[in-house]
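To keep things clear, I will list the structure first and then write my remarks on it.
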Amino acid sequence: MLIKRKIVISIIMLGLFLRITFIFLHPYPDINDAYQYDLIATNIMNGYGISQETKPPYTPQIDRVPFYPIFMAFIYFIFGHHLIAIRIVQTVLSMITAFLVYLIAKAIIKKNDTLSTLPIVSFVLTLLCPFLILFVSILFAETLTAFLITLSLLLFLYGIYENKLIFYFFSGISIGLAFMTRPEVFAFPIILAATHLFINLHKITVRRIATYLLPFFLIWSIWIARNYFAFNKFIPITAQAGTGLLVGTYPPNRYIKDFPKEVAEEYSKVRFIPEEERVDVVLDMKRRAFQRILEHPLQYMGYCIQRIPILWISSYTHYIGIDDTLSNIFNDIKIKIKEHKSFFREGWLVLIKVTLYLFNIFSVVLGILGMFLLGKKITYTYPLYITVIYFTLVHIPLGLASPRYVIKILPIFLIFSSMGGVYLYYWFKRHSLN
């Protein structure tokens, strides 16, 4: 299954064309999280610090880790306050991420002829993945986080193969910046380092692990120091860390509007509480969450398990303005048929949602198959497994099983999907010849 260079170049141009077309024709509106990121970035650029206030005294914010707003502010500083500039830079990062995936896949096959097509298939699948294309137009931190995590894993693998501390050091910087972009990254480098130490227990790996973790903890310590001086309290991550945990003790849903009214209102109002009071409010929410978990542990575990398919399976059409479920759309079609009206629009909505659902389901099934197949190479593919497992487990205790949480590790998971696809291709090829 060789792919000619001209075809690869054509695919690269197609991936770029789709992203550019999407950011101009369907930019995601500057609302909710996107609005807050933009506001913080604007304040940083104007010299008001990391704040969500629209007027003096510009109280420091503690809702979000700072690197994505800093990233946006840097782009604003160069190109001016143009949201399209952010989207274009995210397009470039998304394209580079696909190339990093190619390099990771190339590194793990170790010149294995039977898997020689895995790198290019991984590259193409990542480049043309509709969900990754969609997110370059959204002012969320997922595209940047996906780039940083993928880069960190590539450098970590090079550190293992080349036995050079410089790769571990820059991998630590990259994952530290990923943590400052999305807070759920916090325990990932520690778990990866511990696993690396366990697997390579017979080797001298302490120095490598220290080199990897040192820049990560240095970056983290800067944020902790900033929070202490700003609020005179020890706040290791953000003030939002307990809100999701409380929501997670209720039956799982994707969106906060689908939770019980009183819970949804409390969750939504936290961000409007004055910064100096918010930490105590969130600590109380965390205390109540643990109390509910201890009262109904089995029920809570059931909710966590139910959140896995909600997290991983989606059409992502909510992000392109299609909020109706398939059942609602089919009901609209039935009504229009009875009224002898055209249902052309609804038909297109069904086609789009079903196509994206099938792509997602197919890639997940292939990914699970690929994880099983690459298990034979676990001694040097374990960083990929830990990435997928960790970020799944870290999100399922939370109440919002939003598919956007998968985007940051989707490039890594698509390597497994590509492995499953390559295996099936050769399996069918062998059996068709017989």
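The values are calculated or read from the model by the stated rules, or taken from the named source; none is laboratory data. Fair warning: this is a prediction, and the values are worked out from it, not measured in the lab. Please note: Cβ atoms are built from the backbone with ideal geometry, for glycine as well, and neighbour counts cover all protein chains shown.
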The lone exception for Val136 - which of (1) touching a residue at least 40 places away in the same chain (Cβ under 8 Å); (2) surrounded by fewer than 21 Cβ atoms within 10 Å (Cβ to Cβ) it fails: (2)
Close pairs (7 angstrom Cβ cut-off, 6 or more residues apart or separate chains): crowded, with 21+ Cβ neighbours inside 10 Å and assigned to a loop (DSSP other than H, G, I, E, B) in the stretch 177-190, modelled with pLDDT of 95 or more and small (Gly, Ala, Ser) anywhere: Thr181/Ala141; Arg182/Ala141
Any hit, the stretch 110-118, residues being buried (at least 21 other Cβ atoms within 10 Å of the Cβ) and either modelled with pLDDT under 95 or under 30 Å from Arg226 (Cα atoms) (or both): yes
Scope the stretch 233-278; condition at pLDDT 80 or above and either among the charged types (D, E, K, R) or out of contact with any helix residue (DSSP H, G or I) (no Cβ under 9 Å at 6 or more places or on another chain) (or both); matching residues: Lys233, Pro260, Lys261, Glu262, Glu265, Glu266, Lys269
Residues being aromatic (Phe, Trp, Tyr) and in a helix (DSSP H, G or I) - total across the stretch 18-64: 4
Options Leu384, Leu410, Leu373, Leu366; residue that is surrounded by fewer than 21 Cβ atoms within 10 Å (Cβ to Cβ) and out of contact with any strand residue (DSSP E or B) (no Cβ under 8 Å at 6 or more places or on another chain): Leu373
Some residue of the stretch 283-301 being assigned to a helix (DSSP H, G or I), touching a residue at least 12 places away in the same chain (Cβ under 8 Å), under 25 Å from the mean Cα position of the chain (by Cα) and exposed (fewer than 14 other Cβ atoms within 10 Å of the Cβ): no
Qualifying residue in the stretch 223-230 (condition: modelled with pLDDT under 95, aliphatic (A, V, I, L, M) and touching a Ser or Thr at 6+ places or on another chain (Cβ under 8 Å)): no
